[in-house]
Amino acid sequence: APALAVQGGAVVFEDVHFAYDAERQILNGVSFEIKPGQTLAVVGPSGAGKSTIARLLYRFYDITGGRITIDGQELRDVTQSSLRSSIGIVPQDTVLFNDSIGYNIGYGREGANQAEIEEAARGASIHDFIESLPDQYAAKVGERGLKLSGGEKQRVAIARTLLKNPPVLILDEATSALDSRTESEIQATLERISERRTTIIIAHRLSTVVNADQIIVLEAGRVAEKGTHLQLLRKNGLYAEMWARQQSEAEEAVLPAA
Ligand code: ATP
């Protein structure tokens, strides 16, 4: 197979079908198109198949029907290594190696030098924190990164991805692990790194997708609605309902119980 040649990074899902087990269909004909450099947010109820979309793009599994292409090239026709070097994933929960923080960032690209690692750390807003540690970049992160907070671990993952510098980015939105201030700071960092890269955000909270170029609402393995935040609110369907529910939950959280 030839290597994937990425020009702009247009990602297309065409009538994609997929099942982990033959008895249970997970995606039932999912189609969408992301233009080079644009951001698509995938929302929908738990279990709808949002993370599955990310796994299929990274080719952890092969689809059972339809086509997935990047710049017109079908995923199954290109080498897996070229595909994976073109896609960066910032997962919900990053697995770190029991090694130094510098090593963990450097893992993003083989052969990266110290200056490049530090530049990536600056981009992820974690350089100053690392400099404040007694051992700085040589500081050990502990088993699976247990010496770092959830937010710090996520910044290491972002720095790792910046070092890799992929044209296509998948952000699996972090949820409960972060407090709301850390969350909004990380959100700002993620928005910055997704500029000029084709980005898919797997979103759990709708407040983080308001600025996406396109939002798809996945329900039972199908695209139930598609549009921008405003278009979907005007539609008064599933998205508008989810939005209203999350707004009232947010209000309940700040107002004292009557
Ligand atoms: P959440 O918002 O809860 O993360 P999601 O929309 O991302 O959910 P997926 O992780 O894509 O959902 O999972 C879709 C469905 O596929 C779920 O019902 C899940 O149980 C099932 N599933 C996920 N991974 C596997 C697997 N490896 N084998 C079998 N079924 C799986």
Exercise. Return the inverse of the average 1/r over all pairs of distinct C-alpha atoms in the stretch 24-150, which is the Kirkwood hydrodynamic radius, in Å to one decimal.
Key: 17.5 Å
Quiz prompt | FRET efficiency, 1/(1 + (r/R0)^6) with R0 25 Å, evaluated for Glu251 and Arg222 via beta carbons | solution = 0.20
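Scanning the chain for helices, which whole DSSP H stretches are 15 Å or more long along the axis (Cα) and average 1.6 or more by Kyte-Doolittle?
Working: long enough: 150-164 (21 Å, -0.36); 180-194 (21 Å, -0.81); 238-254 (25 Å, -0.67).
Helices meeting the span and hydropathy rule in the chain: none at all.
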Self-check item: Debye equation applied to the C-alpha atoms of the stretch 124-258, log10 I(q)/I(0) at 0.11, 0.17 Å⁻¹
Solution: -0.53, -1.04
Quiz prompt | Furthest towards positive pole of dipole, Ser207, Ser149, Gly108, structure part the chain, Cβ charges | solution = Gly108
Practice problem: Report Asp62's accessible area, 1.4 Å probe, all protein chains in place, as a number in Å² to the nearest 10. | Solution: 90 Å²
Quiz item: Given the Cα-Cα distance of Ser149 and Asn236 and 0.36 nm per residue of separation, how much length would full extension add, in nm?
Solution: 27.4 nm
Quiz item: Rg to Rh for the chain: what is it, with Cα atoms only and Rh by Kirkwood?
Solution: 0.99
Quiz item: For the stretch 143-196, what log10 I(q)/I(0) values come out of the Debye formula at q = 0.17, 0.20 1/Å, with one point per alpha carbon and no solvent?
Solution: -0.55, -0.75
Exercise. Could you do me a favour and compute the accessible area per residue for the chain, 1.4 Å probe, result in Å²?
Key: 50 Å²
Practice problem: Give the ranking of Val30, Val95 by solvent-accessible surface, highest area first, calculated with a 1.4 Å probe. | Solution: Val95, Val30
Quiz item: When the accessible area of the stretch 34-162 is split by element with a 1.4 Å probe, what percent falls to carbon and sulfur?
Solution: 46 percent
Practice problem: Give me the number: length gained by fully extending Arg24 to Lys140, i.e. 0.36 nm times residue separation minus the C-alpha to C-alpha distance, one decimal in nm. | Solution: 37.4 nm
Quiz item: Do the sum for the chain: with -39,500 (n - 2.57) for every DSSP H run of n ≥ 4, divided by all residues, what is the mean residue ellipticity at 222 nm, to the nearest 500 deg cm²/dmol?
Solution: -10000 deg cm²/dmol
Practice problem: Would you mind putting 240-247, 203-210, 156-163, 51-58 in packing order, based on average other-beta-carbon counts within 10 Å, highest first? | Solution: 156-163, 51-58, 203-210, 240-247
Quiz item: At a probe size of 1.4 Å, how large is the accessible area of Ser248, to the nearest 10 Å²?
Solution: 50 Å²
Exercise. Assuming a ≥ b ≥ c are the square roots of the Cα gyration tensor eigenvalues, decide whether the stretch 107-199 counts as rounded (a/c under 1.5), prolate (otherwise, with a/b larger than b/c) or oblate.
Key: oblate
Quiz item: Got a sec? What order do Phe129, Phe60, Phe32 fall in by accessible area at 1.4 Å, biggest, i.e. largest, first?
Solution: Phe60, Phe129, Phe32
Quiz prompt | Simple spin-label estimate for Arg181 and Asp62 in nanometres, 7 Å along Cα-Cβ | solution = 5.1 nm
Quiz item: Given labels modelled 7 Å from the Cα in the Cβ direction, how far is it in nm from Ala244 to Asp93?
Solution: 3.5 nm
Quiz prompt | Accessible-area order (highest first, 1.4 angstrom probe) of the listed residues Thr198, Thr64 | solution = Thr64, Thr198
Quiz item: Using alpha-carbon positions, what is the distance between the centroids of the stretch 25-63 and the stretch 100-179, in Å?
Solution: 26 Å
Exercise. Mind listing the long-range amide H neighbours of Gly44? Cut-off is under 5 Å, sequence gap 5 or more, other chains count too, H placed in the peptide plane at 1.01 Å from N.
Key: Leu218
Quiz prompt | Label-to-label distance, nm, for residues given as Ser82 and Glu110 (7 Å Cα→Cβ offset) | solution = 1.7 nm
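The values are calculated or read from the model by the stated rules, or taken from the named source; none is laboratory data. The structure presented is a predicted model; accordingly, all values stated were derived computationally and were not measured. Quick reminder, even Gly has a Cβ in these numbers, built from the backbone with ideal geometry, and neighbours come from all protein chains shown. The accessibility values were calculated without ligands, DNA or RNA, using every heavy atom of the protein model including side chains. Shrake-Rupley method; radii C 1.70, N 1.55, O 1.52, S 1.80 Å.
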